[in-house]
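The structure appears right after this line, and notes come after that.
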Amino acid sequence: MLLIRTVDILLTVLACTTAGLVVGLVTAEVIGRYFLGSSIHFATELAQLMFVWTVFLGMPLALVRGRHVSITLADTMLPPAMATQVRRLAMASCIVLLAVLGWKCWELMLFNWDQRLNTMRLSAGLYYLPVIIGAAACMVILAAGIVIGEYRLVAGEEDA
């Protein structure tokens, strides 16, 4: 669980940083464009890239706290032991789906790596990297969840 907690803290810092960059860039762009008559030519594209990073770094943060959208019909209608087994099957299915997603994004990242973004000299493959990182982190969380029978590995604020 120390690994899960360490990755959780790292992803929280990175997701908050990228979210802050999105807000800062959009704010600077609006101020520059409407009040100073000049815009930052790369602000929109960088903000879009940082938004993608925020979303996919935030995905495992929601999963590890049990904050994602879920259907709990099996949890409420089945006996606890059977509900745990259904949850494990669902987590294993999610791992397979995330592995396919990660692999396909890896291929797309490599295919697009030599292409450059329009306004920056950054690789277009950087749009796919956070999907791979987020999918890998979610697979680790789900694998740990299969072992203990629950994907919620970090207590939320209401549980503390």
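The values are calculated or read from the model by the stated rules, or taken from the named source; none is laboratory data. The shown structure was predicted, so the numbers you read here are calculated from the model rather than taken from an experiment. When we count neighbours, we look across all protein chains shown, and the Cβ atoms used for this are built from the backbone with ideal geometry, even at glycine. To get the accessible areas, we keep the full protein, side chains included, count just its heavy atoms, and leave off ligands, DNA and RNA. Shrake-Rupley method; radii C 1.70, N 1.55, O 1.52, S 1.80 Å.
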Of the residues Arg33, Arg67, Arg87, which single one is within 21 Å of Val147 (Cα to Cα) and out of contact with any Asp or Glu (no Cβ under 9 Å at 6 or more places or on another chain)?
Arg67
Can you pull out the residues in segment 1-33 that are closer than 24 Å to Ala62 by Cα and either acidic (Asp, Glu) or in contact with a strand residue (DSSP E or B) (Cβ under 6 Å, 6 or more places away or on another chain) (or both)?
Asp8
Of the conditions (1) more than 25 Å from Leu122 (Cα to Cα); (2) surrounded by fewer than 16 Cβ atoms within 10 Å (Cβ to Cβ), the single one that Val30 does not satisfy is (1)
What helices (runs of 4 or more DSSP H) lie completely within segment 64-160 and have 2 or more residues being of a type in the set (Gly, Ala, Ser)?
80-112, 129-148
Checking Phe35 against (1) farther than 20 Å from Leu153 by Cβ; (2) surrounded by fewer than 14 Cβ atoms within 10 Å (Cβ to Cβ); (3) modelled with pLDDT of 90 or more, which test does it fail?
(3)
Looking only at segment 54-86, count how many residues are open to solvent by 100 Å² or more (accessible area, probe 1.4 Å) and polar (S, T, N, Q).
2
If you check Thr119 against the conditions, is it of a type in the set (Ser, Thr, Tyr), touching an Asp or Glu at 6+ places or on another chain (Cβ under 7 Å), farther than 20 Å from Cys16 by Cβ and at pLDDT below 90?
yes
Considering segment 120-134, residues that are closer than 15 Å to Thr44 by Cα, in contact with a helix residue (DSSP H, G or I) (Cβ under 7 Å, 6 or more places away or on another chain) and touching a residue at least 40 places away in the same chain (Cβ under 8 Å), and then whichever is most open to solvent (accessible area, probe 1.4 Å), we arrive at Tyr127
Could you list, in sequence order, all residues of segment 33-56 that are in a helix (DSSP H, G or I) and in contact with a helix residue (DSSP H, G or I) (Cβ under 8 Å, 6 or more places away or on another chain)?
Ala43, Thr44, Leu46, Ala47, Leu49, Met50, Phe51, Val52, Trp53, Thr54, Val55, Phe56
Name the residue, out of Thr27, Thr12, Thr76, that is of a type outside the set (Phe, Trp, Tyr) and either in contact with a Ser or Thr (Cβ under 8 Å, 6 or more places away or on another chain) or over 26 Å from Ala143 (Cβ atoms) (or both).
Thr27
Condition broken by Lys104, with the remaining ones in (1) open to solvent by 70 Å² or more (accessible area, probe 1.4 Å); (2) under 18 Å from Tyr151 (Cβ atoms); (3) basic (Lys, Arg) satisfied
(2)
Checking Leu117, Leu110 in turn, the sole residue that is more than 22 Å from Thr12 (Cβ to Cβ), crowded, with 16+ Cβ neighbours inside 10 Å, under 25 Å from the mean Cα position of the chain (by Cα) and of a type outside the set (D, E, K, R) turns out to be Leu117
